[in-house]
1. Mind giving me the FRET efficiency for A:H372 and B:V185? R0 is 45 Å, r the Cβ-Cβ distance, nearest 0.05 is fine.
2. If R0 is 45 Å, what FRET efficiency do you get for B:R195 and B:R75 from their C-beta distance, rounded to 0.05?
3. For chain A, build the charge dipole from Cβ charges (+1 Lys, Arg; -1 Asp, Glu) around the Cα centre, then report which of A:A356, A:P25, A:P89 sits farthest towards its positive end.
4. Averaging the inverse of every distinct alpha carbon separation and then flipping it gives the Kirkwood radius. What is it for region A:81-177, in angstrom units?
5. List, largest first, the extents of the alpha carbons of chain A along their principal axes, each in whole Å.
6. Under a plain spin-label model, where a point goes 7 Å from the Cα along Cα-to-Cβ, how far apart in nm are B:D51 and B:L173?
7. Per residue of the protein assembly as shown, what 222 nm ellipticity follows from adding -39500 (n - 2.57) for every DSSP H run with n ≥ 4, rounded to the nearest 500?
8. Taking neighbour Cβ counts within 10 Å as the exposure measure, how do A:T103, B:T167, B:T153 sort from fewest upward?
Amino acid sequence: MYVRRLELVDFRSYPRVVVEFEPGPGVFVGSNGVGKTNLVEALGYVATLSSHRVSTDAPLVRIGAQRAVVRCAVVHEGRELLVELQIEPGKANKARLGRAPTTRPRDILGALRLVLFAPEDLSLVRGEPEGRRRFLDDLLVARQPRFAAVRSDYERVLKQRNALLRTAYLTRRVKGSGGDLSTLDVWDAHLAEHGSRLWAARLELTAALAPHVERAYDAVAAGKGTARVRYHSRNETTETAPQELEKVLAEALKNGRPQEVERGVTLAGPHRDDLSLLLGEMPVKGYASHGESWSFALAMKLAAYELLRAEGIEPVLVLDDVFAELDAGRRERLADLVGGAEQVLVTCAVDADVPARLRGARYAVREGEVEHG
Amino acid sequence: MYEGAIQDLIDELGRLPGVGPKSAQRIAFHVLAADPTDVKRLAAALHRVKDLVRFCTTCFNVAESEQCRICRDPRRHDEAICVVEEPKDVVAIEKTGEFRGRYHVLGGAINPLEGVGPDNLKIRELMARLSSGEVKELILATDPNTEGEATATYLALLVKPMGLRVTRLASGLPVGGDLEYADEVTLGRAFEGRRVL
């Protein structure tokens, strides 16, 4: 798919701007702070209903304005679809798909599929496991929407089980004994059931993603070690089927119960898992240089893109501020890798940083305006 | 802000579930303009509901006497008990006309986040009913969400040793609808729960 038109009203620094796109590469050039990232942030918001830069909506609305509007025309397999999103901080977002308002904003998910790489993604490598779990789960949902339910079911059961453990823990602290844990067996069974589904799905995803990560890293880092991803659980097992994992998780909950009751929190389950990132045999975190870490984060996003593409979903690829970080050789290799994309949008401060292979449409970005050049 | 009685009424109405400040104001002015006999009838209905309605001592459904209408009905059989969370679930199942047994209203579902455990529900009372030996089947019709499923599992574990048939309502696609309009969660679950024809 590709974005044919983007219109912003009172979004970030733009009072109003319209950008027309074509399939293939598109490059936004402009000096720092003029609003290049704001454009791709708006696209990211339509694709995921959240910003990759901020967790609240208030900064998205231009100072002095009530609400921001993002309108987008997306072409998928020859058909054009209009998506409109109205962002008003403190209120529920309003969305339109085609000409009709949608009952829930999340109905527009899937209308624009996007893989976005931005400098913030360095936290995929450097940050806490939570970010890597979110990366996996978001990709799961992008591939198969039903995993949104698996994920929220698991989170709900986990919340309930934690509430039970914590209440019992507090009762014990106050009264010295007691605490009602009579339903813990039930929550164990449900946690194992939902948790094993999520676990199995993440294992399968990691296996599917691994060759893409290796290839993408090889391209952007030019043969400096083999990039590997490995799913890491405290309850290491060779099993991969949900039924078997359910037994493993149930067993872990049984064995860990005294400790969980003691601490008042759930210690076994996919909410404690991580995606281990390795260069050769060494973990990336703590051992890799800045350049290597950055390349690894980029490789993970490119791998996600390639995986979706290999499965018949052709997302729009966005590379925010990527080329300035790469030397000439690696720029060329990255350009070769993504040059065949149906649409790839790139932002950069210096025009010359972007290789000739990506010389498609050029957009000059200045304070509050975008000019097709 | 209005003065005195009208504002009191708006405030009281605004405390009802599903009634926002705008609706409360609209209802209050409707009452003000309405015929006095209509208003008296509404007031009397409000009083009566608190004075007369109690909970059935057997199944804990709403009732106007010791036992509810369903528990008193001699034409219904005692072989199956259908367990639900709320009285409104009884009404929903009654509308189907499919079930001729008795009910048991738990008064909620197990929900640790809200501090609801088995002791806060009418589970002990249910166990007492089952111990008579007349009941052959227990139908678990709690809501198909995390809390309802947990409650159903809890009851199943508790009741299975008694040798009863324990069943759970199926979940899946709505009848009479189009497949394309089902949300992906429901459709995904229906796929998982598909059966051989």
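Throughout, read-outs are computed from the coordinates displayed, never taken from laboratory work. Since the structure is predicted, the reported quantities are computational estimates derived from the model, not experimental observations. Cβ coordinates were reconstructed from backbone atoms using ideal geometry, including for glycine residues, and neighbour counts include every protein chain displayed.
1. Details: r = 42 Å, r/R0 = 0.93.
Working from the Cβ atoms, E equals 0.60.
2. Values: r = 33 Å, r/R0 = 0.73.
In this case the efficiency is close to 0.85.
3. So the residue furthest toward the plus end is A:P89.
4. On the way: mean 1/r = 0.0581 Å⁻¹.
It is 17.2 Å.
5. That gives 73, 50, 37 Å along the principal axes, largest extent first.
6. Distance between label points: 5.3 nm.
7. Numbers: 17 runs with 243 residues, N = 570.
Helix-only estimate at 222 nm: -14000 deg cm²/dmol.
8. Ranked by crowding around the Cβ, least crowded first: A:T103, B:T167, B:T153.
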